[in-house]
Amino acid sequence: MPLKVLSVASEAVPLVKTGGLADVVGALPGALAPHGVETTTLLPGYPAVLAALRRPRAVHGWDSLVGTPARLLAGTLDGHHPLLVLDAPALYAREGAPYTDSAGRDWGDNWQRFAALGRAAADIAGGAILKRGKPQPFDLVHAHDWQAAMAPAYLRFAPHGADGRRPSVVTIHNMAFQGWSGAEVFPQLGLPAEAFAIDGVEYHGGVGMLKAGLACADAVTTVSPTYAREIRSAAFGMGLEGLIVARGDAVHGILNGIDADVWNPSADNELPARYGHRTLERRRANKRLLEAEFGLDPDDGADGPLFIAVTRLTWQKGMDVLPEVIDHLVGIGGKLALLGSGDAGIERALMQAAARHPGRIGIRIGYDEALSHRMQGGGDAILIPSRFEPCGLTQLYGLAYGCLPVVARTGGLADTVIDANPAALAAGCATGVQFDGVDYDGLAAALTRTAALYRQPEVWERVQKNAMKCDFSWKASGKAYADLYAALTA
Ligand code: ADP
Ligand code: GLC
């Protein structure tokens with residue numbers, strides 16, 4: 001009998017994505033299947049998710065789910081893996097991004113929108129809504145980030161299920177997003193009074209959704225071993241470090257993998273020229289076309305690398321420092337093609353820097369999945385100067401594509417990139433460049449080192465080959481999750 005897991009999240013590719021969470025939730029069913037785990041994904045019924053459902057079946061209805069009527073629809077995530085969609089128009093049928101309105105402000109009722117997701121998950125997994133075997137009850141609930149983190153709290157404090165509570169896992173993809181509301185929402189959550197406590201949902205006098213999950217889940221995971229250590233400290237724990245320390249051995253670091261069906265340069269339909277580590281020369285055509293796409297001048301005599309960045313433009317990602325080093329980047333013969341969106345001040349600073357260096361700096365504000373593939377397939381090095389990075393996926397894509405990652409030494413970036421220092425180069429294991437200190441000096445020095453490596457074509461090519469041979473598939477991490485589930489359900 002396969003182990004049945006309900007994976008609860010607010011994003012999953014190919015249906016809805018604002019960041020790496022979606023890549024991971026979308027890949028998990030396939031990553032877990034070889035280990036005897038059958039995953040059903042539960043998502044909110046955003047317009048895009050409902051639109052993608054083909055012939056949905058309604059399998060349940062709630063008259064009032066945290067105060068609003070809702071239906072449960074069944075379909076598939078990707079034509080293959082089972083999907084449940086929580087259709088609650090009052091909560092999810094609106095224009096804008098999943099968490100913010102069109103002006104970028106958080107929806108005021110986010111507490112209700114995501115408490116409902118957690119309540120639904122607990123009802124489904126506990127078997128409370130079981131009707132003639134459909135949908136089947138689950139052995140375990142896996143909740144991702146604050147949007148799903150109320151599920152373990154409902155399972156613990158208000159398990160409607162006839163057959164008792166199910167074990168649960170919460171995965172922290174980013175400790176910076178916690179889902180906090182004032183105490184006035186508590187009476188509307190449908191939880192008993194005892195849940196408003198230090199070992200329940202109470203946090204700083206209000207309701208903390210991520211906090212609730214961390215306190216109530218049977219196990220907590222985060223997406224890299226280094227981040228699992230870092231969040232034990234005030235610098236990374238964002239106030240929850242004490243709880244993480246208190247959870248002790250229940251906290252695990254399991255590295256994200258990448259989906260090789262989507263991110264593989266030898267089979268990537270988005271690339272003008274596909275290639276492998278034995279045919280690296282084909283990247284040249286991709287680079288030419290990429291430079292043209294970003295208005296970069298291929299014949300201006302610059303002999304440094306073409307740096308790329310594909311990122312949210314935020315403080316977390318160190319993107320406020322990038323505009324400061326652009327003159328230096330150009331000074332060492334480099335070029336930059338950047339794709340991203342986010343903070344308006346950072347966008348402005350990048351555009352101003354680009355205007356100073358026509359033909360050398362190309363900035364594209366927006367979100368473009370296909371372009372991100374072409375950038376990994378044509379750029380020389382990808383810049384990821386994050387101040388913190390739970391795992392990070394773009395460095396893994398960079399490794400797979402031979403677009404060498406230049407990363408801050410933190411979180412998953414520290415765990416996945418081997419710095420090209422003299423010892424690692426001599427040992428033949430270097431895969432990129434790491435640096436300490438997300439500030440002008442740290443990033444500028446890393447750019448200088450990268451350019452120096454790039455000017456030694458044989459060394460550069462060896463590092464590219466090392467990078468492309470790394471295995472960051474889901475093989476090991478899929479097994480790590482399956483082992484954890486097995487231990488919790490034994
Ligand atoms: P985070 O989730 O913190 O933003 P990750 O590195 O884990 O960081 O994942 C980011 C994901 O979003 C990657 O798949 C990356 O390629 C993608 N991405 C980020 N910004 C853009 C963009 N502007 N256009 C296309 N893809 C983007
Ligand atoms: C978050 C983190 C990122 C991680 C992703 C998927 O968005 O910021 O580091 O890779 O989740 O786990």
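The values are calculated or read from the model by the stated rules, or taken from the named source; none is laboratory data. All of these numbers come straight from a predicted model, not from anything done at the bench. Virtual Cβ from ideal backbone geometry, glycine too; neighbours counted across all protein chains shown.
Checked against the criteria, L371 does not count as under 30 Å from A235 (Cα atoms), assigned by TED's automatic domain parsing to the domain that holds L447 and surrounded by 17 or more Cβ atoms within 10 Å (Cβ to Cβ). Residue check: is A33 within 16 Å of ligand 1 (Cβ to nearest atom) and modelled with pLDDT of 95 or more? When the stated conditions are applied, A33 does not pass them. Working only within the range 131-157, note down all residues that are in contact with a Pro (Cβ under 9 Å, 6 or more places away or on another chain) and at pLDDT below 85. Result: P135, single match. Of all the numbered requirements in (1) part of a helix (DSSP H, G or I); (2) more than 18 Å from L336 (Cα to Cα), C429 misses one, and that requirement is (1).
Looking only at the range 1-29, count every residue that is among the aliphatic types (A, V, I, L, M), within 11 Å of ligand 2 (Cβ to nearest atom) and modelled with pLDDT under 95 and tell me the total.
We begin by selecting, within the range 1-29, every residue among the aliphatic types (A, V, I, L, M); these are 1, 3, 5-6, 8-9, 12-13, 15-16, 21-22, 24-25, 27-28.
Narrowing the set further to residues that are within 11 Å of ligand 2 (Cβ to nearest atom) leaves 9, 21-22, 24-25, 27-28.
Subsequent filtering for residues that are modelled with pLDDT under 95 retains none.
Number of matching residues: 0.
Examine the range 398-409 for a residue that is buried (at least 24 other Cβ atoms within 10 Å of the Cβ), within 17 Å of the chain's Cα centre (by Cα) and hydroxyl-bearing (S, T, Y), and state whether such a residue exists. No, that holds for no residue. Within the range 24-34, the set of residues being buried (at least 22 other Cβ atoms within 10 Å of the Cβ) and in contact (Cβ under 8 Å) with a residue 60 or more places away in the chain comprises V24, V25, G26, A27, L28, A31, L32. When you scan the range 320-379, how many residues do you find that are hydroxyl-bearing (S, T, Y) and over 22 Å from the mean Cα position of the chain (by Cα)? Residues meeting the conditions: 0.
Of the set (1) at pLDDT 95 or above; (2) assigned by TED's automatic domain parsing to the domain that holds P390, all apply to Y275 but (2). Of the residues in the range 225-240, at least one is surrounded by 18 or more Cβ atoms within 10 Å (Cβ to Cβ), small (G, A, S) and part of a helix (DSSP H, G or I). Per this entry, A219 is counted among residues that are of a type in the set (G, A, S), crowded, with 18+ Cβ neighbours inside 10 Å and over 30 Å from A467 (Cα atoms). Being of a type in the set (G, A, S), within 12 Å of ligand 1 (Cβ to nearest atom) and surrounded by fewer than 19 Cβ atoms within 10 Å (Cβ to Cβ) is the requirement here; does A344 meet it? The answer is no for A344. In the condition set (1) more than 22 Å from the chain's Cα centre (by Cα); (2) farther than 24 Å from A355 by Cβ, W263 is compliant with all but (1). Of the candidates V5, V85, the single residue that is crowded, with 18+ Cβ neighbours inside 10 Å, more than 18 Å from the chain's Cα centre (by Cα) and closer than 18 Å to D139 by Cβ is V5.
The rows are residues; the columns are (1) of a type in the set (D, E, K, R); (2) touching a residue at least 12 places away in the same chain (Cβ under 8 Å).
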site: A51; (1), (2): no, no
site: A58; (1), (2): no, yes
site: A70; (1), (2): no, yes
site: D87; (1), (2): yes, yes
site: D101; (1), (2): yes, no
site: N110; (1), (2): no, yes
site: R113; (1), (2): yes, yes
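Scanning the range 369-403 for residues that are within 10 Å of ligand 2 (Cβ to nearest atom), more than 16 Å from N466 (Cα to Cα) and among the polar types (S, T, N, Q) yields S386, T394. Here the condition is being within 20 Å of R374 (Cβ to Cβ), more than 16 Å from ligand 2 (Cβ to nearest atom) and touching a strand residue (DSSP E or B) at 6+ places or on another chain (Cβ under 9 Å); of I346, I326, I361, it holds for I361 alone.
Being more than 19 Å from R356 (Cβ to Cβ), at pLDDT 95 or above, surrounded by fewer than 20 Cβ atoms within 10 Å (Cβ to Cβ) and not aromatic (F, W, Y): is that true of R283 here?
Values: more than 19 Å from R356 (Cβ to Cβ): yes; at pLDDT 95 or above: yes; surrounded by fewer than 20 Cβ atoms within 10 Å (Cβ to Cβ): no; not aromatic (F, W, Y): yes.
In short, no.
Taken over the range 390-404, the residue count meeting the criterion of being near ligand 1 (Cβ under 7 Å from one of its atoms) and in contact with a Cys (Cβ under 6 Å, 6 or more places away or on another chain) is 0.
The residues of the range 242-261 that are outside any helix (DSSP H, G or I) and away from ligand 2 (no atom under 15 Å from the Cβ), listed by number, are V251, A260, D261.
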